[in-house]
Amino acid sequence: MLASKIKGLRWWMIGLVMLGAVINYLTRSTLAVAAPTLLQDLSITTQEYSYITAAFQGAIMLQPLCGYVLDVIGLKYGFAIFATCWSFICMAHGMATNWQTLAFLRGLLGLAEGSANPAGMKAVSEWFPAKERGMAGGIFNIGASFGSMLAPPLVVWAILHYNWQSAFVITGALGLVWVCAWLLLYDAPARHRKLAAAEAAHIAAGQEKHLQGDGTRPSIASVLRMRNFWGIALPRFLADPAWGTLSFWVPLYLTTVRGFDLAQIAMFAWLPFLAADLGCLFGPAVVLWLQKRGVRLINARRGAFTVGATMMMGVAFVGFVESPYTAIALLSLCGFAHQTLSVTVITMSSDLFRRNEVATVAGMCGTFGNLGLLIFSLLIGGLMATVGYTPFFVSLAVLDLVAAALLWTLVREPAQEPAHPETLLTKPA
């Protein structure tokens, strides 16, 4: 039923953006899966590994720079430049011989890969009317979890058949293939030769007039003075550590605490990301369900975020269960719940800000999200040996509940928003 509603060139375009996100998260997740082998081969300690992940998180906080570049030079060529850079940087990881080199390369990778989220939100804002942006954002965000889900079997296969260095070369080369497809197939709606007039009119008719860009360059200073920016940025600061924990620390947790070997990592470490894929669709579905019952768009998004934050309470019990398979199930619930709330709050940048600001705002919010992840990752690296992982799993549940409270408190609905917006499910294009 839903598939029949999702048709038109705009859905192919968001699928192409999603594929770029798959490659983005595949390359960034390669290190986490290779970590048990790589750390032993290069004699890298857990503390030094936290410095390596921190270098990535520190550099990816420059997302506002990426967003600004995308807003100024355009999505097509800007995203292609960033993707080319992250592909070659990923391949260069295979030449690292110590943790310092890895940290340097991870920093460069973080800078280039910080373009993914602003690019996705810019594409959503350009190609989709308001009533479809939640679903489009959910489809785009599937790329993050699918890329992370693909990493364990692909990277383990490369290590078992070749070596850990080859894993970085293979995933980086896939990025270069995607860049060629992106340059060949993508363009903005105003310039795309394959866009039919009826679909162009459908997109334009559903764009909020008060969010149309005026052609000026975005002002970071003015964005920082906006209450709604902080209403998105602070919840992301509190919520994003959950994704970083799944992406960077779960393979080590399963190895050191649950006793998994490399083959078991390949079998089970992808399951939380499969659940996250479903969460990417569940969040927008909750929003649509609430809208059909008369809930305004922003309140519907806040409601979906709260549902995800409530489900995140399950991750608090990961460290207390005896069965490793129960722990995997709870981590999978964490992936599902996090993406339920994450795709919701990320999409709000396209609901609250003008078209010429969306990528910049998304990048700035991403900076706060990655700052939270950076702090959390350093705390794990510094305290894991003394307090273990359990306190960190508990704190993830608490942080998301606080994030939900901030989202309800700080965000204000635009006065121009219609009381009963139409939904994708009630009126197909």
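Take the chain with all the other protein chains still there, run a 1.4 Å probe, and you get 37 Å² of accessible area per residue.
Ordering A158, L371, A204 by Cα displacement along the dipole of the chain toward the positive end leaves A204 in first place; charges were set at the Cβ atoms of Lys, Arg (+1) and Asp, Glu (-1). Using a probe of 1.4 Å on the protein chains alone, the accessible area found for M95 is around 150 Å². Centroid-to-centroid, using Cα positions, segment 223-243 and segment 93-126 are 21 Å apart. Exposure check, 1.4 Å probe, all protein chains in place: E357 carries approximately 10 Å² of accessible surface. Return the inverse of the average 1/r over all pairs of distinct C-alpha atoms in segment 286-358, which is the Kirkwood hydrodynamic radius, in Å to one decimal. Taking every pair of different Cα atoms in segment 286-358, averaging 1/r and inverting gives 13.6 Å.
Relative contact order of the chain: what whole-number percent is it, with Cα pairs under 8 angstrom and at least 6 residues apart? For the chain, the relative contact order is 28 percent.
Considering only M313, G259, T347, the residue lying farthest towards the positive end of the dipole of segment 218-365 is T347, judged by Cα position with unit charges set on Cβ. Projecting the Cα atoms of G20, P391, A112 onto the charge dipole of the chain (Cβ charges, centred on the Cα centre) puts G20 farthest toward the positive pole. Segment 269-415 gives an Rg/Rh value of 1.00, both radii derived from C-alpha positions and Rh following Kirkwood.
Could you tell me the convex hull volume per residue, in Å³, taken over the Cα atoms of segment 1-158?
117
Rounded to the nearest 10 degrees, the angle from helix 297-311 to the longest Cα principal axis of the chain is 20 degrees. Measuring from centroid to centroid over Cα atoms, what is the spacing of segment 6-35 and segment 339-362 in Å? Segment 6-35 and segment 339-362 have Cα centres spaced 18 Å from each other. Modelled this way, with points 7 Å down the Cα-to-C-beta line, the labels at A263 and E413 are 5.6 nm from one another.
What's the longest piece of the chain with no exposed trypsin sites (Lys or Arg not before Pro), counting a site as exposed if DSSP puts it in a loop and it has at most 10 other beta carbons within 10 Å?
Numbers: sites that count: R191, R193, K194, R225, R293.
Counting at most 10 other Cβ atoms within 10 Å as exposed, the longest clean stretch of the chain is 1-190.
Under Stokes-Einstein, with the Kirkwood radius over Cα pairs as Rh, the value for the chain at 4 °C and 1.567 mPa s is 61 µm²/s. Taking only protein heavy atoms and a 1.4 Å probe, the accessible area of the chain is 69% carbon and sulfur.
Helix 116-127 and the long axis of the chain differ in direction by around 20°, with both axes built from C-alpha atoms. How far is helix 99-113 tilted off the main Cα axis of the chain, in degrees rounded to 10, range 0 to 90? So the helix axis and the longest Cα principal axis differ by about 10 degrees. For the chain, a crude dipole built from +1 on the beta carbon of Lys and Arg and -1 on the beta carbon of Asp and Glu, taken about the Cα centre, is about 1180 debye to the nearest 20.
The values are calculated or read from the model by the stated rules, or taken from the named source; none is laboratory data. These figures come from a predicted structure and were not determined experimentally. Using ideal geometry, Cβ is built from the backbone for each residue, glycine included, and neighbour counts are taken over all protein chains shown. Side chains are part of the model used for accessible areas, which takes the heavy atoms of the whole protein and leaves out ligands, DNA and RNA. Shrake-Rupley method; radii C 1.70, N 1.55, O 1.52, S 1.80 Å.
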